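The values are calculated or read from the model by the stated rules, or taken from the named source; none is laboratory data. Here the structure is a predicted model, which means the values were calculated and not measured. As a convention, Cβ positions derive from the backbone with ideal geometry for all residues, glycine included, and neighbour counts pool all protein chains shown.
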Amino acid sequence: MMLNCDARDPAYFGEHKIEDSPDGRFEAMALFAAAYISALNTKSAFEKSVAEELQNRIFKTFDQGLRELGVGDMAVGKRIRKLAESFYGRVISYGECFATNSQTKLTAKIALNVFGRKDTVGFDEALMQKSMSAFERICALEFIT
């Protein structure tokens, strides 16, 4: 799946980059999922249903990942609910940036959400550029229904 390749690109993880941890992976997945979901939602009902299925699969993966980390059955639901709030907040926030092609705002949102920074001084824009490119790539696709 292209989304997973984008979100797990080793170039974005490491020292002075996204932390290679469950939280860091979540942030990368949320960013690129927002690009894909936002792009799919600009299209027909079929593509919107693809976006919905993508979200369902992402949350199945989150559920499985939490269980693999040892989170008990009773706590998984609560953790998924918190992840969902964060995830959908980011999808909406990033989606607004993708829809308006606002690279400056997207850079600021990535700096805040992914790196916990309020400033973008010295910020490596590669992550913003790659996510914007993913949005444009999905928008350019023609789906056969």
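Of all the criteria given as (1) within 17 Å of Leu3 (Cα to Cα); (2) modelled with pLDDT under 90; (3) in contact with a Leu (Cβ under 8 Å, 6 or more places away or on another chain); (4) of a type in the set (A, V, I, L, M, F, W, C), the one not satisfied by Val114 is (1). Can Glu52 be described as modelled with pLDDT of 95 or more and either surrounded by 18 or more Cβ atoms within 10 Å (Cβ to Cβ) or out of contact with any Cys (no Cβ under 9 Å at 6 or more places or on another chain) (or both)? Yes. Taken together, the residues in segment 66-79 that are surrounded by 15 or more Cβ atoms within 10 Å (Cβ to Cβ) and touching a Pro at 6+ places or on another chain (Cβ under 9 Å) amount to 1.
Criterion applied to Asp119, Asp124 was being out of contact with any helix residue (DSSP H, G or I) (no Cβ under 6 Å at 6 or more places or on another chain) and touching a residue at least 12 places away in the same chain (Cβ under 8 Å), and the one residue passing it is Asp124. For segment 30-38, the criterion of being over 10 Å from the mean Cα position of the chain (by Cα) and either surrounded by fewer than 22 Cβ atoms within 10 Å (Cβ to Cβ) or of a type in the set (D, E, K, R) (or both) is satisfied by no residue at all. Filtering segment 1-57 to residues that are in contact with a strand residue (DSSP E or B) (Cβ under 6 Å, 6 or more places away or on another chain) and assigned to a helix (DSSP H, G or I) leaves Tyr12, Gly24, Ala28. For segment 96-115, which residues satisfy the criterion of being touching a residue at least 60 places away in the same chain (Cβ under 8 Å) and closer than 14 Å to Glu136 by Cβ? Matches in segment 96-115: Phe98, Ala99. Put simply, of Ser133, Ser93 the only residue that is out of contact with any Cys (no Cβ under 6 Å at 6 or more places or on another chain) and more than 20 Å from Asp23 (Cβ to Cβ) is Ser133. Within segment 100-145, the set of residues being under 24 Å from Ala51 (Cβ atoms), charged (D, E, K, R) and loosely packed, with under 14 Cβ neighbours inside 10 Å comprises Glu136, Glu142.
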